[in-house]
1. Answer with yes or no whether T42 is in contact (Cβ under 8 Å) with a residue 24 or more places away in the chain, in a helix (DSSP H, G or I), polar (S, T, N, Q) and open to solvent by less than 80 Å² (accessible area, probe 1.4 Å).
2. Within the range 2-39, track down each residue that is within 10 Å of the chain's Cα centre (by Cα) and buried (at least 16 other Cβ atoms within 10 Å of the Cβ).
3. Just to be sure I understand, how many residues within the range 1-29 are farther than 22 Å from V52 by Cα and touching a residue at least 12 places away in the same chain (Cβ under 8 Å)?
Amino acid sequence: MLGHLLTAWTIRLALTFYVAWLAGWLLTRSPRWTRTARWIWTAGCAMFVAHVVSAFQFYHHWSHAHAWEVTAQQTQEQLGFSFGDGIYFSYVFLVLWV
């Protein structure tokens, strides 16, 4: 139960921070925004890293192969075709955000 909550809420918070950063970037050019934006960006990044760690800890047991299989299965269920390589998009997003 804790693993599910931690994994779900860390991604929700990460995306909330990301959207807040984007909104601020689009809506303001204040010099004070730069400092606030840095904190929002960092908090979002930390939440995404925590999400990846908790997903691998509680769902994939630190196995890339298992994560790939689950990604393929979820893609099959949602889109009608299997695509396990979608896990690499998460890896790239993680590296770019960090």
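The values are calculated or read from the model by the stated rules, or taken from the named source; none is laboratory data. These numbers come from a predicted model, not from an experiment. Counting neighbours? That spans all protein chains shown, and the Cβs are built from the backbone with ideal geometry, glycine included. For accessibility, only protein heavy atoms count, side chains too; no ligands or nucleic acids. Shrake-Rupley method; radii C 1.70, N 1.55, O 1.52, S 1.80 Å.
1. Values: in contact (Cβ under 8 Å) with a residue 24 or more places away in the chain: no; in a helix (DSSP H, G or I): yes; polar (S, T, N, Q): yes; open to solvent by less than 80 Å² (accessible area, probe 1.4 Å): yes.
No: the conditions fail for T42.
2. Correct list: T7, T10, I11, L13, A14, Y18.
3. Of the range 1-29, the ones farther than 22 Å from V52 by Cα are 23-29.
Now narrow it down to the ones that are touching a residue at least 12 places away in the same chain (Cβ under 8 Å): 24-25.
Summing the residues that are farther than 22 Å from V52 by Cα and touching a residue at least 12 places away in the same chain (Cβ under 8 Å) in the range 1-29 gives 2.
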